[in-house]
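The values are calculated or read from the model by the stated rules, or taken from the named source; none is laboratory data. Remember, it's a predicted structure, so these values are computed and weren't measured experimentally. Using ideal geometry, Cβ is built from the backbone for each residue, glycine included, and neighbour counts are taken over all protein chains shown. Surface areas here come from the heavy atoms of the whole protein model, side chains and all, with no ligands, DNA or RNA. Shrake-Rupley method; radii C 1.70, N 1.55, O 1.52, S 1.80 Å.
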Amino acid sequence: MTVDEVGADEPGWDVGPDDESGVVVGYGENLSSSPLRRGPAASAAASLTALRPTAASSPHSSRRATVSAGGIEAVAPVTRYLRRPSAYLGSPGARAPVTSRIRERGGSTLIRHRARIARMASIDARMLGERIRDARKRAGMSQEDLGQAVGLERTVVNKIEGGVRRVTALELADIAGALGVRMFTFFEDPVPALVSHRSSQGLDTVDSQIDALLANLAGEVEFVDSLGVLELDLAAADAVARAGITPPSTNSEAEALATKARALMELSEDEPICRLSDTVAALGLLAFSRNIGKDTADAGTILLRRGGVSLVNSHMKVGRRRLALAHELGHYLVADDYTIDWRVSWHSASDAPMESRFDRFARALLLPRTAFRREWQKKVEQYEVRNAAILLASEFRVDMATLATRLRELDLTDGETSSAVREFRTTQTDIVELNLNVPIEELEGTSIPRGFALAVLRLVRDERISRDRALELLQGTFDESDLPHVRARRVDEIWRFVS
């Protein structure tokens, strides 16, 4: 493990009480194999805020250190530290230390001490206990259930949640694992949209599957964004804020909003949107997909401090997935904090007028009025209705139900023809005889937005996160062998960074 200093603005690291024992900059034989691996290495290292080696030693020796921070106490092995005046990170009266980078066997983690340690220092055992309790309730577990999962008595869990008993770092890691959350979430404030949603739902409400996934994705994106990676490009959301978009109150306004969205994404008024997930990223909306089953929500969206995250249920076919994402874009454009949508396009104007208008927006975005009207009339003249419908559905990448509804709302067909179109299905014969373009499936299975993947790969190349952490962020879409290789470090290179 080697260490380098970046942004050091406090000479000599004179950042805390005088102590000759030195500043600990690492713990464990390997961060990626530490018992704390359930949290990202940056957060885990930030969580262990006051590492005190038991005795001074050389930079290459191994010692044990007492850990105390944010309601956590533990003893952890320490493998590397520098002989510098000690900095008690997060301790009362201590100043924020320099930003440090810890390298671990071909990967590194940038620890942004200033922000993270400041937050850690503000969390005591009572607040930590409350966050554990809230996470337990959202997971639908009782104190007895949680205790059994982590090997603690129910009374001990009760005391931890009440702030009476401190929790050890290893216990907290086990608790996070049992609750299906990352350990750093106990020390980070959730995005405001998530706080608002949970408050509206009530403290005892169990998170649905999509709620839990959205919360996790929001945390992961915010983590990557906090590292300042340009590839993520959430600054693109500024264009939406400047546009001053308001919710549509009529179908005509929904159509106009679709035209405006196309302009913001630098699309012409009539071109098909080939890769919708890439296109919405140009506005700061990151679209993920996951197969969460048939009888659950189609999609959901949460606003971040910059940009937003949408999750689409990939159990649906591609046309329905794209329609759901277009619907979520509507919510994002009008700055809806948090939305979960069921059965997109089935909303009636009387029962759910706003959702119905977002359905109209989604259809208008994917099938723009002028181009769709022109292409339909041209193809009906050349082919019979079935072939015309199949060609247009393929060109604009929509399902037949969406095509049929759009035909009807633009008065291009009567009710009988629209119903017939809804039942058409594309066959292999159609693909061959009509020479249809069959693109790669969009939002299929588990997928992540390209910008997010590029950002994670950049962090790996720059050795700012471990390879294990990168694979977690990439959600199984990459294998270890797919990750970029980084230069092996020599042991003596540490002396380039410290003296």
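Applying the selection to the stretch 321-344, what residues are within 23 Å of Ser394 (Cβ to Cβ), assigned to a helix (DSSP H, G or I) and without any contact (Cβ under 8 Å) to a residue 60 or more places away in the chain?
Looking only at the stretch 321-344, we keep the residues that are within 23 Å of Ser394 (Cβ to Cβ), and these are 321-327, 329, 344.
So of that shortlist, the ones also assigned to a helix (DSSP H, G or I) come out as 321-327, 329.
The answer is Ala324, Ala326, His327.
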Would you confirm whether or not the stretch 220-230 contains a residue that is under 17 Å from Leu304 (Cα atoms) and touching a Ser or Thr at 6+ places or on another chain (Cβ under 9 Å)? yes
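Kindly indicate whether Arg469 is buried (at least 16 other Cβ atoms within 10 Å of the Cβ) and at pLDDT below 95.
The answer is yes for Arg469.
Taking Asp411 as the residue in question, decide whether it is within 30 Å of Thr250 (Cβ to Cβ), surrounded by 18 or more Cβ atoms within 10 Å (Cβ to Cβ) and among the charged types (D, E, K, R).
Working: within 30 Å of Thr250 (Cβ to Cβ): yes; surrounded by 18 or more Cβ atoms within 10 Å (Cβ to Cβ): no; among the charged types (D, E, K, R): yes.
Spelling it out, it is not the case that Asp411 is within 30 Å of Thr250 (Cβ to Cβ), surrounded by 18 or more Cβ atoms within 10 Å (Cβ to Cβ) and among the charged types (D, E, K, R).
Would you confirm whether or not the stretch 365-376 contains a residue that is under 22 Å from Val344 (Cα atoms), open to solvent by 30 Å² or more (accessible area, probe 1.4 Å) and part of a helix (DSSP H, G or I)?
Applying the first criterion (under 22 Å from Val344 (Cα atoms)) to the stretch 365-376 yields 365-369, 372.
Next cut, open to solvent by 30 Å² or more (accessible area, probe 1.4 Å) only: 369.
So of that shortlist, the ones also part of a helix (DSSP H, G or I) come out as 369.
Yes, the stretch 365-376 contains at least one residue that is under 22 Å from Val344 (Cα atoms), open to solvent by 30 Å² or more (accessible area, probe 1.4 Å) and part of a helix (DSSP H, G or I).
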Could you run through the stretch 230-256 and say how many residues are in contact (Cβ under 8 Å) with a residue 60 or more places away in the chain, part of a loop (DSSP other than H, G, I, E, B) and open to solvent by 10 Å² or more (accessible area, probe 1.4 Å)? 6
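Here is a yes/no grid of residues against (1) touching a residue at least 60 places away in the same chain (Cβ under 8 Å); (2) open to solvent by less than 20 Å² (accessible area, probe 1.4 Å); (3) among the basic types (Lys, Arg); (4) assigned to a strand (DSSP E or B):
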| position | (1), (2), (3), (4) |
| --- | --- |
| Ala297 | yes, yes, no, no |
| Ile302 | yes, yes, no, yes |
| Gly319 | yes, yes, no, no |
| Ser348 | no, no, no, no |
Within the stretch 418-463, count every residue that is in a helix (DSSP H, G or I), within 28 Å of Ala287 (Cβ to Cβ) and open to solvent by 10 Å² or more (accessible area, probe 1.4 Å). 9
With within 15 Å of Arg363 (Cα to Cα) and under 25 Å from the mean Cα position of the chain (by Cα) as the only criterion, which of Leu230, Leu276 stands out? Leu276
Take the residues in the stretch 257-273 that are open to solvent by 60 Å² or more (accessible area, probe 1.4 Å) and assigned to a helix (DSSP H, G or I); name whichever of them is farthest from Arg363 (Cα to Cα). Ala263
